[in-house]
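These notes are about the structure you will find just below.
The values are calculated or read from the model by the stated rules, or taken from the named source; none is laboratory data. These numbers come from a predicted model, not from an experiment. In this analysis, Cβ positions are derived from the backbone assuming ideal geometry, glycine residues included, and neighbour counts consider all displayed protein chains. What goes into the accessible areas is simple: the full protein's heavy atoms, side chains included, and nothing from ligands, DNA or RNA. Shrake-Rupley method; radii C 1.70, N 1.55, O 1.52, S 1.80 Å.
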Amino acid sequence: MYKVHRLRIPASLAAAVLGVAAFAACGTRNTSGYGPGSSTSTDDDAGTGTSSGTSGGGCSSCGTSSGFAVGGSSSGSPTSSGGTTSSGCDATCAAAGGSCSASVCTITENPGKVASSSQTTLQGTGKADSAFAWLYPYNKTVFPRGIISPTMQFAGGASDAEYVHITSKTLDYKGYFAGGATGQVSLSLSQNSWDAVTAAVGSGDTADVQVTKISGSSVTGPLSETWPIAQGSVRGTIFYESYGSTIAGGRDSAGILKINPGATAPTVFQAAGAGGCTAICHAASADGSTIVSATSLTASGTWSTSSSTSITTATDTIFTYMGPYPDGTFGMSATGYGVIYAASATSRLYNTKTGANIPASGWDSAITAAGTPSFSPDGTQIAFMHEDENPNTIAKADFNVSTKTFSNITDLATESSGYAAWPAFTPDGAWVLFQTGSSSTFETDCQVTGDLYGVDVATHAVTRLNVLDGYTGSSTASYLPANDPGLNFAPTMLAEAVGGYFWAVFTSHRSYGSMLASKANSEGLGISNCTAGQQDEANGKLWVAAIDIGAASGTDPSHPAFYLDGQELQADNLRGYWTLPACQSLGTKCVTGDQCCSGFCREGGSDEGGATVCVSKPPGCSNEYENCTTSSNCCNTGDQCINGRCAMPAAPQ
C-alpha cells in the first residue's frame, strides 16, 4: 500500500504511478432546508418581507464592520463590558448611499439601470419560469463580514432584469440588476451595499433574501433564502497550492499562492513557472510565520512568510506536509508519500530553522509512521493518521512543549471502508475535523470521493459534517446538484473564533453555481494526476464554512459552505492553510485585542487622538478577542476563553 499526495505530474507519468479506482458520486438534489431555496414567497415591499422559507430570529442591534483590510475581526466598537455597541445604523449604510430611520438602514440601488415600470412589475409575484431556482449561495449559509460580495447564481431561462430584496429587523435593501442568458443569470450587490447589509444584520437575526426576475412581461419569483451573518470580520491569510495559475506561470505551472479573505485576487508566494518544481505539498504555522513544503520529489524546505525567502532546506522530505507547531519553530514530519516521493521513513520532530532532529519522549519510542500530522492551535495536542496500526485511523496525543514530551496516544476515529486523513483541530481543541475518502491520494479528483467528518476529542463520537458536505441528513440525499456530493477533502481551521463561529477552509470539486461545473476538468491547466480513463477532474476550489462553537457531542456543528471569492476560477486550487497575521506592537492602532502582541486593544490617550491602540494588560476583565486564561477573565457573560482569547458563541437563529 502506498499513498500519493498532491504533486502535479504529467498525465503519462500519472498513468504509470497511480492506480486509483473510480467511484461514482452519490446524492440527489433537494432544495428543502439547507441549500438553494426555490420557494415562492410574498413580499409586502415595506421592508419587512415575508417568506415561505425559514426565517430568522430577531435582535435589536446591528454592528459596524471593521473590514478585513484593516485587520478588524469584530463588528462595532469595543466597549468597557466587551462585545460591540448597538447603534442600529453605522457608516457603512451611508457609504452605500443608504439612509437611517428608527435604527433601520434603507438602501436602494439600480446598477442594472432597470426602468421604473419594470421595477414596479418586479415587486409583484409570478410563476412564469418553473426552472428558476437558486444555484448559489446555499440557503442558511453563514457569511462573515469583511468578504467580497458573493455572486448570486440562478438556474432557469433568460432574464431581462432581477430584483433583490434583503430585509432584517434593522435592514431594508432593494436592488435592481441587469438580466442574463439562459442558465447564466447572476448578480452581485455592490461592495458598499454588501458591507452595509452584513453590518446591519445583528446577532440572532438573519438576512432574508428574495429574488424576482422578469422576462418580457412575465415575472417569476420571488425565490427566498435566509443567511445568518457572523458578528465579526474574518482576517488572516490563506496559503494554498495552485496548478495552472495564470499569475504563477500559466499552463503546467505549480506553486503556493496566498489570498486574504476580502481580497479580489491572490498573490504568488512561491512559484517556478511552467514546467518547474518549487514549493508545493505545503503546510503553514498557525501564526503565519512559517511555510514548510516539498521543493522536489526528494527534497524539502522551510520559508519565511514575511520575506518569502528560504529559511533552510533538506535533502530529504522531512518538511513535506509537515505538521508545524503553532509558532512555526518546529514541526512533526509526515510519512507515507508513496512511489513518486522519496518518503520519510519515520515521523519525528524537526527544527524548522536548522532541520535538526528534536528528541521527543513518548513519541520516538511509540510512533514510527504518522501521516498528515497537525498540532492544535494552543500546541497542547497533535492529531495524525496512525499509520503504524491502521492507515484508516485518526489518532491524537497530548504534548508538553517545554519538555517536548508526548503522552496519552489515543485513537479517535477509524474509517472502515476507506482512508481517513488531514486532521485539523478546532480552536478550542475539543473537536478534530478530518476527511474520509475512497483513495490513498486523500483527494477527490480522478473519479474518487471524499467527505468531511468531525470527532469529539473527549467522547470519540464521530459525526459526518452533513450540512457542510451537502447532505440533508445521514443518508445520501443532498441539497447539492446530483454530481456534487462526495467531493470534499483537506480541511484546515482558522486558529481563532470570529463572529461567534469557528471557520474551516477545505477543497472541493463541487460546482460553483453556473460558473464552474461539478468535477470540472483542467485541460487548460496542462497538468493532472488523472489517467485518461479517469478523466481530467483536477480543478478544485477553496470553500469556507462556519462551524458552531461548543457543539454537543455527536451533533453536526457545520453550516453550508461559501466559495472563497478572489481565487482564480481557472486554476486548480487546494489545501488552503488559514493563518493569522503578525501581531502589532504597543501603541499601534487596532480594532480588537487579537491584533495586538499584548492581547489588549483599548482607547488611547491624547497622543493617539482617542483612537483604540494596542496597550499593556489593563486592570479588570477582558473584552471579546482579548487575552484570557479562563472564561472568568472575560467581561461578557457567556464568553468562552478559546485558545487564549475571549469569544462569544453565536446567538441561536
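Below are the figures for this structure:
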read-out	value
Criterion violated by SER218 - all others in (1) open to solvent by 10 Å² or more (accessible area, probe 1.4 Å); (2) touching a helix residue (DSSP H, G or I) at 6+ places or on another chain (Cβ under 6 Å) satisfied	(2)
Residue that is farthest from LYS617 (Cα to Cα), among those in the stretch 628-643 that are surrounded by fewer than 18 Cβ atoms within 10 Å (Cβ to Cβ) and either in contact with a Lys or Arg (Cβ under 7 Å, 6 or more places away or on another chain) or of a type outside the set (Ser, Thr, Tyr) (or both)	GLY638
The stretch 396-440, subset part of a strand (DSSP E or B) and acidic (Asp, Glu), residue farthest from SER365 (Cα to Cα)	ASP411
Subset of the stretch 370-388 that is open to solvent by 20 Å² or more (accessible area, probe 1.4 Å) and farther than 28 Å from ALA497 by Cβ - its residue that is nearest to the chain's Cα centre (by Cα)	GLU387
Criterion (in contact with a strand residue (DSSP E or B) (Cβ under 9 Å, 6 or more places away or on another chain) and either at pLDDT 90 or above or closer than 29 Å to GLY288 by Cα (or both)) met by exactly one of ALA458, ALA477	ALA477
Out of ALA178, ALA207, ALA196, sole residue that is among the small types (Gly, Ala, Ser), at pLDDT 95 or above and closer than 22 Å to ILE547 by Cα	ALA207
Strands (runs of 3 or more DSSP E) wholly inside the stretch 548-652 that include at least 1 residues being without any contact (Cβ under 8 Å) to a residue 60 or more places away in the chain and closer than 30 Å to THR141 by Cβ	640-642
Residues satisfying the stated conditions in the stretch 91-122, i.e. assigned to a loop (DSSP other than H, G, I, E, B) and at pLDDT 95 or above	ALA96, GLY97, GLY98, ASN110, PRO111, GLY112, LYS113, VAL114, ALA115
Residues that are open to solvent by 30 Å² or more (accessible area, probe 1.4 Å) and among the β-branched types (Val, Ile, Thr), drawn from the stretch 389-425	VAL401, THR403, THR405, ILE409, THR410, THR414
Among the residues listed as SER168, SER224, the single one being closer than 26 Å to TRP503 by Cα and open to solvent by 10 Å² or more (accessible area, probe 1.4 Å)	SER168
Unmet requirement for ALA366, which otherwise passes all of (1) outside any strand (DSSP E or B); (2) within 24 Å of GLY301 (Cα to Cα); (3) open to solvent by 20 Å² or more (accessible area, probe 1.4 Å); (4) among the small types (Gly, Ala, Ser)	(2)
Selection count, the stretch 340-390, where residues are touching a residue at least 40 places away in the same chain (Cβ under 8 Å) and not small (Gly, Ala, Ser)	21
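Okay, residues lined up against (1) buried (at least 23 other Cβ atoms within 10 Å of the Cβ); (2) in a loop (DSSP other than H, G, I, E, B); (3) modelled with pLDDT under 90; (4) not polar (S, T, N, Q):
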{"residue": "VAL292", "(1), (2), (3), (4)": "yes, no, no, yes"}
{"residue": "SER296", "(1), (2), (3), (4)": "no, yes, yes, no"}
{"residue": "ILE311", "(1), (2), (3), (4)": "no, no, no, yes"}
{"residue": "ASP316", "(1), (2), (3), (4)": "no, yes, no, yes"}
{"residue": "THR335", "(1), (2), (3), (4)": "yes, yes, yes, no"}
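Residues are listed down the side, and each one gets a yes or a no for (1) part of a loop (DSSP other than H, G, I, E, B); (2) in contact (Cβ under 8 Å) with a residue 12 or more places away in the chain; (3) within 28 Å of the chain's Cα centre (by Cα):
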{"position": "SER159", "(1), (2), (3)": "yes, yes, no"}
{"position": "TYR163", "(1), (2), (3)": "no, yes, no"}
{"position": "GLY202", "(1), (2), (3)": "yes, yes, yes"}
{"position": "ASP208", "(1), (2), (3)": "no, yes, yes"}
{"position": "THR220", "(1), (2), (3)": "no, yes, no"}
{"position": "GLU225", "(1), (2), (3)": "no, yes, yes"}
